[in-house]
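The values are calculated or read from the model by the stated rules, or taken from the named source; none is laboratory data. Quantities reported herein were computed from a predicted structural model and do not represent experimental measurements. Cβ sites come from the backbone with ideal geometry, for glycine too, and all protein chains shown count toward neighbours.
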């Protein structure tokens, strides 16, 4: 909608996890380097924990692209991606088996499916391939399915593990793993990384990088005051930064402004936030609606 107005080639603050817009901020870069190190050393289990919107999904996608590139260059890894962990143990075994190239239509019980997976993993090991299982939203794993995942991780030789697992999850994953029945699984997790919200400086870097990657090459689009306000409202959460930055740019576009000011961020913020900075929250919230209505009318 506003891409041409600001000289952009694509949407800079989309909520879709575009790895081309991955920002190498310290916490995210450290996490990615840790994952690459763990996989290269064959050390097995890793968990990546972060609150909602802190960037787990884009890190997961970046990891999958990295593994695909590794597979293409040296055929070392065979990746199994589980995007929906709300599976029964049998459902997990079938999903893993299908990703390993097994016939998912065959009716087998838990033990038979696990044995079939083990045979396939051993076969890949003879080709010097390590299986990497990546589970997204793993805080949603049912307890029985988490135990089934542990059984898959048991497969190893005297020299190395044949299956490595990376769990991406919200903070509730720690609560799940801290249960006494999962103490064996928790002991297997050799490394963990906790994603943290961005500080004000990182928020500026995040916004500027995404704008540059989408073709913007002018003066700083967001004023200092706008970035400070945006960081405060979003509390450093990348997903909320995306939402507010997008709405702020829409507000600036509706006024045909070439730069985003603090007033545009305030209009983009929730009405509850408006109460903290304005004596007329209803009018402030209405102003954003009026601006958007004017924008729609202009485009008709």
Among the residues of region 1-23, which ones are touching a residue at least 60 places away in the same chain (Cβ under 8 Å) and over 22 Å from residue 253 (Cα atoms)?
-> 20, 21, 23
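Residue-wise test of (1) assigned to a loop (DSSP other than H, G, I, E, B); (2) in contact with a helix residue (DSSP H, G or I) (Cβ under 7 Å, 6 or more places away or on another chain).
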| residue | (1), (2) |
| --- | --- |
| 4 | no, no |
| 13 | yes, yes |
| 23 | yes, yes |
| 27 | no, no |
| 46 | no, yes |
| 61 | no, yes |
Could you say which residue among 118, 128 is surrounded by fewer than 19 Cβ atoms within 10 Å (Cβ to Cβ) and in contact (Cβ under 8 Å) with a residue 40 or more places away in the chain?
-> 128
Does region 76-88 include one or more residues that are farther than 23 Å from residue 148 by Cα and assigned to a helix (DSSP H, G or I)?
-> no
How many residues does region 40-68 hold that are within 13 Å of residue 164 (Cβ to Cβ), crowded, with 17+ Cβ neighbours inside 10 Å and touching a strand residue (DSSP E or B) at 6+ places or on another chain (Cβ under 6 Å)?
-> 5
Here are some conditions: (1) in the same structural domain as residue 178 (by TED's automatic domain parsing); (2) on the phi > 0 side of the Ramachandran plot. Residue 51 meets all but one. Which one does it not meet?
-> (2)
Would you check if residue 73 is modelled with pLDDT under 90, exposed (fewer than 14 other Cβ atoms within 10 Å of the Cβ) and in the same structural domain as residue 150 (by TED's automatic domain parsing)?
-> yes
Please give the number of the condition residue 201 fails out of (1) over 23 Å from the mean Cα position of the chain (by Cα); (2) free of Cβ contacts under 8 Å to residues at least 12 places away in the same chain.
-> (1)
Which of the residues belonging to region 98-116 are under 18 Å from residue 154 (Cβ atoms) and touching a strand residue (DSSP E or B) at 6+ places or on another chain (Cβ under 9 Å)?
-> 100
Does residue 230 satisfy being assigned to a helix (DSSP H, G or I), crowded, with 21+ Cβ neighbours inside 10 Å, in contact with a strand residue (DSSP E or B) (Cβ under 9 Å, 6 or more places away or on another chain) and at pLDDT 55 or above?
-> yes
Of the residues 146, 151, which single one is buried (at least 20 other Cβ atoms within 10 Å of the Cβ), farther than 24 Å from residue 196 by Cα and assigned by TED's automatic domain parsing to the domain that holds residue 40?
-> 146
For region 62-80, state whether one or more residues are closer than 30 Å to residue 256 by Cα and without any contact (Cβ under 8 Å) to a residue 12 or more places away in the chain.
-> no
